[in-house]
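Some notes on the structure that comes next.
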Amino acid sequence: MSTDSLATNSSPAEKPWSVCLDDRFGLAHQIRNKQCCLYSLGLGSDDTHFEVRMANNGCEVHRFDPSIKSAHVLESQRLWFHRLSIDWRDPHPAVAAQKLHSNTRKLRSILNEFGHHKIDVLKADLESAEWKVLENLILEDVLEQIGQLIFEIHLHWPGFEVSGSDSSVVRFWYSLLKELELKDFRLFHSYKDLSKPQLFLKKDIFNASSSYTLSWVNTRWK
C-alpha cells in the first residue's frame with residue numbers, strides 16, 4: 001500500500017504519502033511497465049521524497065508549484081518541475097492577456113495543455129485550497145481521469161473561498177467526500193498529523209488534528 005515498500009531507505013519524518021498497489025487497480029502494473037503518470041500539486045514545500053521515489057520506480061512525475069524558480073525543469077530522467085499553480089478556476093482572460101505567462105490553471109486546462117488523458121496518481125498539499133480544487137474536479141468530471149487521489153486536508157478553518165456557519169462548512173466538506181464515494185473512490189488510507197494543532201474550525205478539539213492525509217483509489221480504474 002505504501003511507497004515505503006518500493007524503497008530501502010525511508011525516513012519516519014517523511015509524510016506518509018501512500019499509494020494503493022493492489023493489482024486490481026492497475027498502478028503496480030503501470031509502475032512495472034514504466035507507464036505510470038503522477039501529478040503532484042504543492043505550494044512551496046521542499047519535501048519531494050515521494051515524487052523522487054515514484055520517479056525512481058518508473059513513474060513520469062510532474063510537480064506543480066508556483067515557488068519553483070524556472071518555468072519548466074527536468075530535474076531527473078522522469079521528474080519534471082513546473083512553475084504553475086493548480087487552482088479551481090482559470091485566470092480571467094483580461095488578466096491572462098496582461099500577464100503573458102499566467103501561472104495559474106485548472107487541472108483540466110493543464111491536462112489539455114500537456115496532452116495527458118489520464119493521471120494514475122494525483123497528490124495534493126495545497127494548504128487549505130484543496131477543498132475548492134476538489135470541488136472543481138467533481139464539477140468538471142475530471143475525477144474519471146484520475147486513478148488515485150492523495151490529499152492533505154486542513155480542518156482548522158473553512159479554507160479559501162469557503163464560508164458560512166460551522167455546520168454549513170462541515171456539510172460542504174462532507175458533500176465533497178460523499179461525492180467521491182458515489183463516484184466509486186474508496187478510502188484506503190488515512191493519517192492524522194499529530195504534529196499539527198488540535199484545531200477544528202478554530203476550536204480546540206481533544207485528540208484531533210487540524211491536518212489529515214487521505215488516500216482514495218478509483219475502483220473503476222482500468
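Just so it is clear, none of the values below were taken in a lab; they were calculated from the coordinates. Bear in mind the structure is a predicted one, so any value in this text is a computation, not a measurement. With ideal geometry, Cβ positions are generated from the backbone for all residues, glycine too; neighbour counts draw on all protein chains shown.
Relative protection proxy for 176-186, 68-78, from highest mean packing down: 176-186, 68-78 (other beta-carbon atoms within 10 angstrom). DSSP assigns beta bridges within the chain; of those with both partners inside it, close to 50 percent run antiparallel. If you wrap the Cα atoms of the chain in a convex hull and average its projected area over all directions, you get 12.9 nm².
Helical content alone sets the calculated 222 nm signal of the chain at -7000 deg cm²/dmol, taking -39,500 (n - 2.57) per DSSP H segment of four or more residues and averaging over every residue. Decide, for region 138-222, between rounded, prolate and oblate: order the square roots of the alpha carbon gyration tensor eigenvalues as a ≥ b ≥ c, take rounded if a/c falls under 1.5, and otherwise choose prolate if a/b is larger than b/c, else oblate. Cα axes put region 138-222 in the oblate bin.
When the C-alpha to C-alpha distance is required to be over 20 Å, the pairs from Lys183/Lys222; Lys132/Lys203; Lys123/Lys203; Lys34/Lys69; Lys118/Lys183; Lys123/Lys192 that qualify are Lys132/Lys203; Lys123/Lys203; Lys34/Lys69. Taken about its Cα centre, the chain carries a charge dipole of roughly 240 debye when the Cβ of each Lys and Arg holds +1 and the Cβ of each Asp and Glu holds -1. I want to make sure I understand the PRE zone here: with the label point 7 angstrom from the Cα of Ser163 toward its beta carbon, which residues in region 179-222 have backbone N atoms less than 19 Å away? From region 179-222, the list is 201-202. Across the chain, Cα pairs under 8 Å and at least six residues apart give a relative contact order of 18 percent. Only the Cβ atoms of Lys and Arg (+1) and of Asp and Glu (-1) were treated as charged; on that basis the dipole of region 159-222 about its Cα centre amounts to roughly 200 debye. The phi torsions of region 186-202, fed into the Karplus equation with coefficients 6.51, -1.76 and 1.60 and a -60° offset, translate into couplings of 10, 6, 10, 7, 9, 9, 9, 7, 6, 7, 8, x, 7, 10, 9, 6, 6 Hz, rounded to whole numbers, with Gly and Pro shown as x.
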